[in-house]
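The values are calculated or read from the model by the stated rules, or taken from the named source; none is laboratory data. Remember, predicted model here, so these are calculated numbers, not experimental data. Because the Cβ atoms are built from the backbone with ideal geometry, glycine has one as well, and the counts that use them run over all protein chains shown.
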Amino acid sequence: MLYPNKDISIRGYEVSDVPLLKKLYTDPEYAIYFRDMPHLKVDNDFVNLPTLMNCTMLVIEKDKKAIGFFCLYNLRPLARAISFGVILDKEYQKQGITKKVGEIIIPYVFDRLGLNKFDCSIIEFDERLISILKLWKFEVEGRIREEAFLDGKFYDCFIMSLTKKDYEEKIKCLYQ
């Protein structure tokens with residue numbers, strides 16, 4: 001388990017997390033979060049998702065109950081950078097949980113993993129995630145035109161990131 005923050009903690013992905021992942025994956029409102037994933041059909045696909053996607057799947061828990069996922073992927077060793085995605089079950093949104101997740105994962109990425117850059121690709125209309133990343137002090141690096149295809153239409157994506165320098169200068173003291 002990564003550093004728990006009161007009632008919120010982050011741990012590794014397990015077979016017991018498959019029902020929550022399937023629930024989120026099959027919900028049409030979450031389609032944008034799974035746009036880059038293979039079409040999952042059977043339980044074994046969900047169990048093996050970290051291997052299929054070449055990522056590290058972490059589970060967000062509230063009071064020891066799985067409520068969402070945090071995925072680390074696209075490690076770029078020469079740049080000492082990594083990308084991520086995050087998703088929370090609907091019933092746990094708008095409760096300040098993602099702020100606490102940031103207080104756990106951001107120090108982990110910079111202090112424990114020793115990385116220099118933490119970034120995320122966000123579809124242009126995902127205002128909730130954009131506001132979360134701004135709360136985490138991420139900055140917009142740029143826009144990738146027509147990067148996401150959803151419901152027969154192309155959408156632009158933003159790349160937002162936080163560097164180790166920004167973390168140390170602006171927010172590290174908030175997380176200690």
Taking the range 69-85 and the residues there that are among the aliphatic types (A, V, I, L, M) and within 12 Å of the chain's Cα centre (by Cα), the one that is modelled with the highest pLDDT would be I82
Kindly check whether there is at least one residue in the range 48-68 that is at pLDDT below 90, surrounded by fewer than 17 Cβ atoms within 10 Å (Cβ to Cβ) and among the β-branched types (V, I, T). yes
Could you grab me the full set of residues in the range 138-162 that are crowded, with 17+ Cβ neighbours inside 10 Å and modelled with pLDDT of 90 or more? F138, E147, Y155, C157, F158, I159, M160, S161, L162
Of all strands (runs of 3 or more DSSP E) completely enclosed by the range 41-156, which ones contain at least 3 residues that are of a type in the set (D, E)? 139-150
Taking only the range 48-66 into account, find how many residues are free of Cβ contacts under 8 Å to residues at least 40 places away in the same chain, closer than 29 Å to G96 by Cα and among the hydrophobic types (A, V, I, L, M, F, W, C). 3
Might you check whether a residue that is surrounded by 12 or more Cβ atoms within 10 Å (Cβ to Cβ), out of contact with any Phe, Trp or Tyr (no Cβ under 9 Å at 6 or more places or on another chain) and either β-branched (V, I, T) or at pLDDT 95 or above (or both) occurs anywhere in the range 117-137? yes
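Yes/no per residue for (1) under 17 Å from M160 (Cα atoms); (2) under 13 Å from the mean Cα position of the chain (by Cα):
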position: V59; (1), (2): no, yes
position: I87; (1), (2): yes, yes
position: K90; (1), (2): no, no
position: L113; (1), (2): no, no
